[in-house]
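Data first, discussion second: the structure below is written as structure tokens.
The values are calculated or read from the model by the stated rules, or taken from the named source; none is laboratory data. A quick note: this is a predicted structure, and the numbers were derived from the prediction, not measured. FYI the Cβ positions are ideal-geometry reconstructions off the backbone, even for glycines, and counts take in every protein chain you see.
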Amino acid sequence: MKKFRWLLPLVYLFLTACGSDVTNPTTIIDQGTALLAESGVNCITIDGNAVYAGTNSAGIFLSTDNGKTWVKRSKGLISNSNVSSIAIHGSRVFLGTDFGVFHSTDSGKSWSPSRLLDFAYGYYFVHAIAISGNNVFVTSNNGIHLSTDDGVSWTKKNDGIMYTAYTIAFNQENVFVGLNGGGVFRSTDNGNNWLAKSKGLGNYGGQTLVVYENVIYAGSRGEGIYLSKDNGDTWTKKNVGIEQADVRAIAVNQDKIIAGTYGDGIYVSKDGGDTWTARDLGIGNRFINSLGMSGNNLYIGTDGAGVFRANVSDL
């Protein structure tokens with residue numbers, strides 16, 4: 001049976017090299033914005049009307065008008081920083097970079113390093129930052145760290161973890177990390193102890209984790225999506241139509257699950273993940289690194305073609 005890909009309306013946000021094929025290009029505010037076309041977008045985080053986009057070689061950008069215009073906000077970051085993750089705690093914005101953790105208290109106008117940048121403590125390539133209450137968790141090539149004082153000090157929380165953790169998620173008092181080739185681990189005591197929670201999860205499940213209404217969604221490398229409804233004790237494969245996809249990003253609301261894949265574009269499920277349909281949004285670049293959803297806006301970060309915005313209701 002043939003697979004049909006639906007062409008949906010899409011708003012183009014970042015400048016690319018597509019020339020006349022691009023309609024309604026963004027207004028370029030900062031000269032460095034053109035770098036987005038080449039560097040790719042690793043992460044997108046939304047806070048009210050502020051949309052932050054982190055890139056793999058051009059620092060971070062901010063939009064306050066639903067992505068119509070963007071400003072580069074990299075003052076204080078090391079030149080050509082790879083921004084892998086963004087998290088927000090009150091007025092403080094945290095960045096995970098290939099040179100450790102940075103934070104800003106002025107909406108990204110300037111950035112200051114945290115102690116995890118200090119090379120006396122080793123080289124920290126941060127993979128993920130996540131915040132729950134006053135707890136700031138970071139995963140990096142040097143393990144898992146926790147700060148309870150907004151990044152002033154950090155404590156290593158690695159007991160029981162054998163592999164590098166690439167993603168973090170919370171479900172109430174439970175902390176979950178997804179490991180590179182090591183499945184998912186859970187902590188119920190703020191990271192002091194970790195237990196493997198990968199029953200039913202494939203060998204490469206957990207490269208991305210999202211929690212929505214007590215359901216945990218895990219994206220895999222080449223095996224589609226899994227979900228757990230019992231805090232990771234058991235996992236169920238939900239990949240009909242997305243069987244061999246490399247799922248890099250997941251966004252969920254009450255009606256839809258949206259998966260961003262590396263090489264196969266966007267997939268959508270309207271039945272809790274039982275079945276998936278490919279959506280051809282006209283992006284051209286099907287290598288999706290990140291998703292961010294706020295209301296009816298879905299922001300799609302690609303590897304080399306910038307950021308696009310689609311209407312969730314159209315998917």
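I want to confirm something. Restricting to segment 214-230 and keeping residues that are part of a loop (DSSP other than H, G, I, E, B) and under 12 Å from residue 273 (Cβ atoms), which single residue is modelled with the lowest pLDDT? Break it down stepwise before answering.
Residues of segment 214-230 part of a loop (DSSP other than H, G, I, E, B): 214, 222-224, 229-230.
Then keep just the ones that are under 12 Å from residue 273 (Cβ atoms); that gives 224, 229.
Details: 224: 90, 229: 96.
Checked segment 214-230; the qualifying residue modelled with the lowest pLDDT is 224.
Quick one: which strands (runs of 3 or more DSSP E) sit completely within segment 231-315 and have at least 2 residues that are touching a helix residue (DSSP H, G or I) at 6+ places or on another chain (Cβ under 8 Å)?
297-302
Take the residues in segment 83-114 that are outside any loop (DSSP other than H, G, I, E, B) and in contact with a helix residue (DSSP H, G or I) (Cβ under 7 Å, 6 or more places away or on another chain), then tell me which one is modelled with the lowest pLDDT.
In this case the residue turns out to be 100.
Take residue 309 and tell me if it is of a type in the set (Lys, Arg), in contact (Cβ under 8 Å) with a residue 60 or more places away in the chain and crowded, with 17+ Cβ neighbours inside 10 Å.
Details: of a type in the set (Lys, Arg): yes; in contact (Cβ under 8 Å) with a residue 60 or more places away in the chain: yes; crowded, with 17+ Cβ neighbours inside 10 Å: yes.
Answer is yes for this residue.
Got at least one residue in segment 152-167 being exposed (fewer than 15 other Cβ atoms within 10 Å of the Cβ), in contact with a His (Cβ under 7 Å, 6 or more places away or on another chain) and in the same structural domain as residue 218 (by TED's automatic domain parsing)?
So far as segment 152-167 goes, yes, one or more of its residues are exposed (fewer than 15 other Cβ atoms within 10 Å of the Cβ), in contact with a His (Cβ under 7 Å, 6 or more places away or on another chain) and in the same structural domain as residue 218 (by TED's automatic domain parsing).
Restricting to strands (runs of 3 or more DSSP E) lying wholly in segment 1-82: which have 2 or more residues that are modelled with pLDDT of 80 or more and outside the structural domain of residue 307 (by TED's automatic domain parsing)?
Numbers: elements: 10-12, 41-47, 50-55, 60-63, 69-72.
In segment 1-82, the matching strands (runs of 3 or more DSSP E) lie at 41-47, 50-55, 60-63, 69-72.
Which count do you get for residues in segment 153-174 that are in contact with a Lys or Arg (Cβ under 9 Å, 6 or more places away or on another chain) and outside any strand (DSSP E or B)?
Within segment 153-174, residues that are in contact with a Lys or Arg (Cβ under 9 Å, 6 or more places away or on another chain) and outside any strand (DSSP E or B) number 2.
Only one residue in 98, 106, 65 is in contact with a strand residue (DSSP E or B) (Cβ under 8 Å, 6 or more places away or on another chain) and closer than 27 Å to residue 308 by Cα. Which one? Walk me through how you get there before you give the answer.
Values: 106 fails: in contact with a strand residue (DSSP E or B) (Cβ under 8 Å, 6 or more places away or on another chain); 65 fails: in contact with a strand residue (DSSP E or B) (Cβ under 8 Å, 6 or more places away or on another chain).
After applying the criteria, what remains is 98.
Looking at segment 115-143, which of the residues that are in a loop (DSSP other than H, G, I, E, B) and among the polar types (S, T, N, Q) is modelled with the highest pLDDT? Show your work before the answer.
If we filter segment 115-143 for residues that are in a loop (DSSP other than H, G, I, E, B), which is where we start, we get 118, 122-125, 133-134, 141-142.
If we keep only those that are among the polar types (S, T, N, Q) as well, we get 134, 141-142.
Numbers: 134: 89, 141: 86, 142: 85.
Per the stated criteria, the residue is 134.
Among the residues of segment 125-137, is there at least one that is among the small types (Gly, Ala, Ser), buried (at least 16 other Cβ atoms within 10 Å of the Cβ) and within 22 Å of residue 236 (Cβ to Cβ)?
Residues of segment 125-137 that are among the small types (Gly, Ala, Ser), as a first pass: 128, 130, 132-133.
From what's left, buried (at least 16 other Cβ atoms within 10 Å of the Cβ): 128, 130, 132.
After this cut, where a residue has to be within 22 Å of residue 236 (Cβ to Cβ) as well, the list is none.
Within segment 125-137, not a single residue is among the small types (Gly, Ala, Ser), buried (at least 16 other Cβ atoms within 10 Å of the Cβ) and within 22 Å of residue 236 (Cβ to Cβ).
Quick one: would you say residue 199 is of a type outside the set (S, T, N, Q), more than 17 Å from the chain's Cα centre (by Cα), modelled with pLDDT of 95 or more and surrounded by fewer than 17 Cβ atoms within 10 Å (Cβ to Cβ)? Walk me through it before giving the result.
Details: of a type outside the set (S, T, N, Q): yes; more than 17 Å from the chain's Cα centre (by Cα): yes; modelled with pLDDT of 95 or more: no; surrounded by fewer than 17 Cβ atoms within 10 Å (Cβ to Cβ): yes.
Answer is no for this residue.
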